[in-house]
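Please treat every number below as a calculation from the coordinates, not as lab data. Since this is a predicted model, take the numbers as computed values, not measurements. For neighbour counting, all protein chains shown are included, and Cβ atoms are generated from backbone atoms with ideal geometry for every residue, glycine included.
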Amino acid sequence: MLYPRPQLRLLLALAAVLLLGLAVREWRAGFPEQAERLETFDREEPITPLPPPAPAPREPRSRRSASPPRPTETPSQPAEQAAPDPRPLDLNQASVDQIARLPGIGPALARRILEERERRGRFDSPERLRQILGLGPKKLAALRDLITVGE
């Protein structure tokens, strides 16, 4: 026998741990949304609703005022929303909040993108996003027109 029995057991245990690690890596690559949910399960920050807008101060009106009353916005009228910026988002300058606004990108994935940028430097192409766990080819294809990497 080449190896004693205790060493064989140790080698088999190491091989089993290695295979288990590879299986977990493949599962995470195949199901990035579920892996992201598991990573952020106990770390998600609660979403706090915005406080209602304060009413505008009213000016006192005199009885002799001849000006007609100004129309006010009623609660049934929808508030105008800011139009989305038509320019692509520069990943080398964007903040976590800006990246998280992209479709399919949550706060956890936005933080991982920022950590990757801090760790390895500026992105030279959108393809570098493929190295980030949770950002597969389909999600990258959906984001390609919405992002840029700046000069």
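Annotation: amide H-H contacts under 5 Å for THR148 (H modelled 1.01 Å from N, sequence separation of 5 or more, or interchain): LEU89, ASP90, LEU91. Peptides 105-112, 12-19, 143-150, 120-127 ranked from most to least packed give 105-112, 143-150, 120-127, 12-19, packing being the mean of other C-beta atoms within 10 angstrom over each peptide's residues. Which of rounded, prolate, oblate describes region 86-151, given a ≥ b ≥ c as roots of the alpha-carbon gyration tensor eigenvalues and a/c under 1.5 marking rounded, otherwise prolate only if a/b is larger than b/c? Because its axes are fairly even, with a/c under 1.5, region 86-151 counts as rounded. Taking label points 7 Å from Cα along the Cα-to-Cβ direction, GLN7 and ARG130 give a separation of 4.2 nm.
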